[in-house]
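Encoded as structure tokens, the structure appears first; notes follow it.
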Amino acid sequence: MRASSGIGFLAAVLLATTALAQETAPIAPATPGAEAAASTPSPEASPTSPPPAVANRPADETQQSQPALQSTAPAEPATPPVAPVEQAQEPQQPAAPVVAAEPPAPVETIEGVIAKKLAEAKEDPEVVAFYAQRNNAPLWIADGHLSEKAKAVMARIARADEEGLDAAAFVLPDANATDTSLARLAAAEITLSHAAVAYARQAQGGRLIPKSLSPLITAEPQRPTPASVLNTLAANDGAADWLESYNPPHAGFKALKTKLAELRAKAVEPSAAPPPEVPGGAVLKPGMVDDRVPLLRTRLGLPAGMDNVFDPALVEAVKAFQRKNGLKPTGSVGKASTQALNRRDTPADPTSTILVNMERWRWLPRDLGQTHIMVNIPEYMARIVRDGQVAHETRVVVGKPQNQTPVFSDEMEFIIVNPSWNVPYSIASKEMLPNLQRDPTYLARQGMEVLDVSGKRPVVIDSTMVDWYSVNMKRIRIRQPPGERNALGHIKFMFPNQHAVYLHDTPSRNLFANAVRAYSHGCVRVQDPFALADVLLEGTDWNAARMKKLIGGSERRIDLAHKLPVHLTYFTADIGPDGNLVTRNDIYGHDRKMRAALGLGGQIQASAKTN
């Protein structure tokens, strides 16, 4: 029994050891034969059969080996399976640092290039702001080319000569600029904006700064801002038409423009040499025989006569010339007519005279006023214009060449009946003082008085008690009280201004009969001032008859119902009702200065400034 139980114990140990070894041994890849053998069970094997090594052994062999088994220590646990040995690998090199890829360069756009060019140049802030508000989007470019709108504006600027401007003064872009070069396209965009702004400003406000020609030309032309021009052209179709509309809207300007085109069309052929001048001398009258008659006939384009007789045909030609040139059509040739006949641009080429007068229209407000007063100094005329029609006109006397009537616009506010004349400082110190030094009673004989204005209130003093050799003329005032002898007559028309000039009556009414009427100290004398007042006071309780009843009394102010625009102008050329050009004497020399300043046949005048 003991031998049997020992053998059973040993078999159990072997079975456990074998099972443990099988569980822990690495599984070798099976061969096809082994896989088949493993899948076929042994017919003798069964779960309860002993291991073949024990079961098939002879009994004696089993018994002989038992002592050895018994002397063996309890079975040691099976050796754990050896892990597969990994092949040695070469040490890895440290990875190179990863460099981030540069982002792709931004795509250049026309907006970006425009912004860059505006930033690089010393650009007008208004132009920069205009483009900034539209995110630098171009105004003149479409589909990579200058747009049709741009080309129409360029064509308009290229014809600036038609408006009396100088087309060469405007720099235009390359019409063939395309998106093959954004820089070139952006340059074209900005260049055209500059040209459009410059054209609009010159078209509306003129090429010259008026006061640079004379301190007595204080017209203040209104020029549009760059922003307003560009915004207008951007917001409206027909930009070329809008650009042209900056030229003066006045009928007088448009008539000169038409005549300019007509003369230039005729100037294709070389102009003839101007005829010889007519010498001065005694007044040439109808019927006279004079050596100047042949020259006069030539100057007026008449055929030669039989003798040097001032015949009826020549008289009629002289009258026609005088009417055309704003002179009284007497038929006689005096100093004024001789000067007009000998003007350099008469009759050969009046183009420069037209151009300087077109420039003067740009100095006037675009809105002259529904009702306004227009005084034309070289014409010696004043007119009230209502709704574009002359409602009243009158002859006037203007300032002498040494005491010129200024050129400017203002508003008439009131009328003074029975005015006193406060003598201007310039007249008192330059003209009256020498007379007073010779004769202290001079003022009394002229019906004038002297006031001491050095104190708080003016005080009348005796002129014979003043030392006229040492007196400070700024501490006194010379005044002429109302009356028949008063230099201002019975009435004056006030539009307060920096020049202290106004329209007024005069006791020297005989001067209105003269063709040349430049006799005043700068103010404008009116031939029939009460007729003028009658028109100005329409719609009020006043009229000429009522005002005349005030004559001889104290000074009286009468306000107009509304302020009335008044324009003191200097037009030496306009177009008459028959469509012919009418030119006048340049009595103050303003034409000559303007020709020089504009480069019209002469060296540019250094003192004149251009816009």
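The values are calculated or read from the model by the stated rules, or taken from the named source; none is laboratory data. Remember, it's a predicted structure, so these values are computed and weren't measured experimentally. Methodologically, a virtual Cβ is constructed for each residue, glycine included, from the backbone with ideal geometry; neighbour enumeration extends over all protein chains shown. Just the protein is used for accessible areas: all its heavy atoms, side chains included, with ligands, DNA and RNA removed. Shrake-Rupley method; radii C 1.70, N 1.55, O 1.52, S 1.80 Å.
Accessible surface of W242 in the full protein assembly, 1.4 angstrom probe, to the nearest 10 Å²? Around 110 Å² of this residue is reachable by solvent. Peptides 297-303, 160-166 ranked from most to least packed give 160-166, 297-303, packing being the mean of other C-beta atoms within 10 angstrom over each peptide's residues.
For M412, nonlocal amide neighbours, meaning residues 5 or more places apart or on other chains whose placed amide H falls under 5 Å from its own, are L564, V566. A 1.4 Å probe run over the protein chains yields, for region 463-514, 51 Å² of accessible area per residue, whole-number rounding. Taking every protein chain into account, the accessible area of region 348-427 amounts to 34 square angstrom per residue (probe 1.4 Å).
Dividing the C-alpha radius of gyration of region 507-605 by 2.2 N^0.38 Å, with N its residue count, gives 1.54. About the centre of its Cα atoms, region 463-596 shows a dipole size close to 560 debye [charges on the beta carbon of Lys, Arg (+1) and Asp, Glu (-1) only; nearest 20 debye]. Each label point was placed 7 Å from the Cα along the Cα-to-Cβ direction; for S228 and Y425 their separation is 3.6 nm. Under a 5 Å amide H cut-off, with hydrogens placed 1.01 Å from N, A518 pairs with V398 among residues at least 5 apart or on other chains.
Computed over region 255-367, the P(r) curve from all C-alpha pair distances, binned at 5 Å from the origin, holds 2, 10, 19, 20, 17, 12, 9, 6, 2, 1, 0, 0 percent per bin. Take the Cβ atoms of M288 and N510, set R0 to 22 Å, and the FRET efficiency comes out at 0.30.
The candidates V289, V385, V153, arranged from most to least accessible area with a 1.4 Å probe in the full protein assembly, appear as V289, V385, V153.
Would you work out if region 385-487 is rounded, prolate or oblate? Take a ≥ b ≥ c from the square roots of the eigenvalues of the alpha-carbon gyration tensor; rounded if a/c is under 1.5, else prolate when a/b is larger than b/c, oblate otherwise. Verdict is prolate for region 385-487.
Each peptide in 429-438, 451-460, 218-227 gets a packing score, the mean of other Cβ atoms within 10 Å over its residues, and the list from highest to lowest is 218-227, 429-438, 451-460. Computed from the Cβ-Cβ distance with R0 of 35 Å, the FRET efficiency linking A168 to T109 stands at 0.55.
Of the accessible area of region 136-194, computed with a 1.4 Å probe over protein heavy atoms only, carbon and sulfur atoms account for 52 percent. Remark: spin-label model distance A313-N176 equals 6.1 nm, labels positioned 7 Å along the Cα→Cβ axis. Protein heavy-atom surface of region 483-611, 1.4 angstrom probe: 48% of the accessible area is carbon and sulfur, with nucleic acids and ligands not counted. Share of carbon and sulfur in the accessible area of region 311-423 stands at 48%, probe radius 1.4 Å. For I141, the amide hydrogen comes within under 5 Å of the amide hydrogens of S147, counting only partners 5 or more places away or on other chains and with H modelled in the peptide plane.
Ranking E108, E316, E126 from most to least accessible surface, computed with a 1.4 Å probe over the protein chains only, gives E108, E316, E126.
Ranking of Y519, Y425 by solvent-accessible surface, largest first: Y425, Y519 (1.4 Å probe, protein heavy atoms only, all chains present). Rounded to the nearest Hz, the phi-derived 3J(HN,Hα) couplings of region 215-224 under the Karplus curve 6.51 cos²θ - 1.76 cosθ + 1.60 (θ = phi - 60°) are x, 9, 9, 10, 4, 10, x, 8, 10, x, where x marks glycine and proline. Were the residues from R485 through K122 laid out at 0.36 nm apart, the gain over their Cα-Cα distance would be 124.4 nm.
Rounded to whole numbers, the Karplus 3J(HN,Hα) couplings from phi for region 295-302 are 5, 5, 5, 5, 4, 8, x, 9 Hz, using 6.51 cos²θ - 1.76 cosθ + 1.60 with θ = phi - 60°, and x at Gly and Pro. Taking the Cα centre of region 336-424 as origin and assigning +1 to Lys and Arg Cβ atoms and -1 to Asp and Glu Cβ atoms, the resulting dipole is close to 260 debye. Across region 501-509, coupling constants 3J(HN,Hα) worked out from phi with the 6.51/-1.76/1.60 Karplus curve, θ = phi - 60°, read 10, 6, 8, 7, 6, 8, x, 8, 6 Hz, and Gly and Pro carry x.
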